[in-house]
1. I need a count of the residues in region 248-273 that are open to solvent by less than 40 Å² (accessible area, probe 1.4 Å) and over 16 Å from residue 305 (Cβ atoms).
2. Can you spot a residue in region 99-120 that is in contact with a Phe, Trp or Tyr (Cβ under 8 Å, 6 or more places away or on another chain), polar (S, T, N, Q) and modelled with pLDDT of 95 or more?
3. Any idea which of 208, 233 is touching a Pro at 6+ places or on another chain (Cβ under 8 Å), modelled with pLDDT of 95 or more, more than 21 Å from residue 82 (Cβ to Cβ) and of a type in the set (A, V, I, L, M, F, W, C)?
4. Residue check, residue 126 against (1) β-branched (Val, Ile, Thr); (2) crowded, with 22+ Cβ neighbours inside 10 Å; (3) at pLDDT below 95, all met but one. Which one?
5. If you take just the helices (runs of 4 or more DSSP H) that sit entirely in region 135-209, which of them hold at least 2 residues that are acidic (Asp, Glu)?
6. Of the residues in region 83-123, how many are in contact with a Leu (Cβ under 7 Å, 6 or more places away or on another chain), open to solvent by 10 Å² or more (accessible area, probe 1.4 Å) and among the small types (Gly, Ala, Ser)?
7. Could you list, in sequence order, all residues of region 288-314 that are in contact with a strand residue (DSSP E or B) (Cβ under 8 Å, 6 or more places away or on another chain) and among the β-branched types (Val, Ile, Thr)?
8. For region 62-95, name all the residues that are under 19 Å from residue 46 (Cβ atoms) and at pLDDT 95 or above.
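The values are calculated or read from the model by the stated rules, or taken from the named source; none is laboratory data. Values in this document were obtained by computation on a predicted structure and should not be read as measured data. Glycine also receives a Cβ, built like all others from the backbone with ideal geometry; neighbour counts cover every protein chain displayed. Just the protein is used for accessible areas: all its heavy atoms, side chains included, with ligands, DNA and RNA removed. Shrake-Rupley method; radii C 1.70, N 1.55, O 1.52, S 1.80 Å.
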Amino acid sequence: MPEPADTLLAWYADRARDLPWRAAASVDAEVRAWRTLVSEVMLQQTRVETVIGYYQAFLERFPTVDHLARAPVEEVLRAWAGLGYYDRARHLHAAARAVAARGGFPRTAAGLAELPGLGPYAAGAVASIAWGEDVPAVDGNVRRVAGRLLGVDPAIPTGLRRVEAAVREWLPSGRSGDFNQALMDLGATVCRPRRPRCGACPLAATCVARHSGDPEAIPSRRRRPRPPEEHRVAAVWIVDGAVFLTEREGPGLLAGTWGPPDGPLAPGEAPEAGAERILAEGFGVRARARAGLGAVAHAFTHRRWRVEVVATEAPGEPAVGVGPRWRFLEPRAATAEVALSRLGLKVLEAAGAIAASGAGRPGRIRPGSGRG
């Protein structure tokens with residue numbers, strides 16, 4: 001088949017998505033590298049529509065890699081709160097510190113791949129877009145597009161090797177950044193996993209999968225087992241309009257983020273009893289459950305949580321130094337003061353402590369906070 005570079009670049013010139021990180025095309029290469037890196041890390045396992053707002057707010061707070069490198073990780077997690085997959089934020093922070101320590105970004109994909117949290121795809125994206133290095137950036141979209149063009153299945157090792165070799169062969173010298181982004185856009189908007197828009201594809205005439213009559217067969221889809229569900233309970237304790245929030249200690253899921261204390265329910269344990277136990281075991285608080293407020297669902301990549309939300313009350317406060325770090329915050333202050341997780345936000349919404357998606361405006365911090 002003919003190489004697709006010229007055709008795809010012409011299509012990209014007319015149809016490129018208007019994305020805020022692409023506005024960096026004319027700026028200094030170091031700045032372009034920083035903005036590309038932030039966008040690529042945020043886009044891991046997250047949709048473009050969700051990332052855009054977070055990206056713009058993040059860049060306002062950390063306009064350069066040095067700004068992020070100087071910030072404490074707690075501030076970075078607050079800026080990331082709600083986006084999920086918090087290890088990405090910690091890796092990005094560590095990468096920024098590594099870049100600052102060496103005085104600038106590595107200018108090759110091989111050098112970038114040595115930074116914390118950067119795999120071959122992100123390293124190739126930054127190197128090609130910021131520095132113009134002729135290297136591929138092969139993500140899921142690119143694998144799907146190339147696999148369909150070639151008629152090979154990238155879901156199997158031999159097919160993936162053919163796809164990666166083909167993309168490298170197709171790279172137009174000096175235009176690899178645009179070409180990589182064009183492949184990404186084609187996969188995201190036209191050569192979609194389901195219901196591909198073959199009639200709008202600039203490469204349809206030479207696409208093997210399209211001519212087969214069943215382009216959706218590539219890549220093959222393996223049925224994933226349903227992730228296990230863990231039954232948990234969250235204790236919502238509100239005093240004078242301020243909610244009791246704790247920091248989730250790490251390592252582990254949501255480490256470093258904040259929310260009402262939660263934990264697994266024991267077999268046969270009622271949610272009300274579980275909420276009282278969590279506050280007693282974790283903070284030495286003799287709480288009483290007032291009411292069950294329903295349940296919220298929260299999904300991770302390989303597991304799901306069903307979290308029963310229970311309103312509680314208790315005399316006094318935990319002793320300073322008992323349990324994880326804790327604070328009483330007015331709900332509207334929470335996202336401004338701590339890294340409130342999306343799960344924590346869901347729990348507070350279920351408890352009626354905040355309106356749906358209503359947290360985020362700074363408010364008064366109640367005196368008497370615990371550790372830290």
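1. 2
2. Among the residues of region 99-120, at least one is in contact with a Phe, Trp or Tyr (Cβ under 8 Å, 6 or more places away or on another chain), polar (S, T, N, Q) and modelled with pLDDT of 95 or more, which makes the answer yes.
3. On the way: 208 fails: touching a Pro at 6+ places or on another chain (Cβ under 8 Å).
When all the criteria are applied, what remains is 233.
4. The one condition residue 126 does not meet is (3).
5. Once the helices (runs of 4 or more DSSP H) in region 135-209 are filtered for at least 2 residues that are acidic (Asp, Glu), what remains is 157-170, 176-189.
6. The number of residues fulfilling the criteria is 2.
7. Selection gives 296, 307, 309, 310, 312.
8. First pass over region 62-95, keeping only residues under 19 Å from residue 46 (Cβ atoms): 62, 68, 76-93, 95.
Matches in region 62-95: 62, 68, 92, 93, 95.
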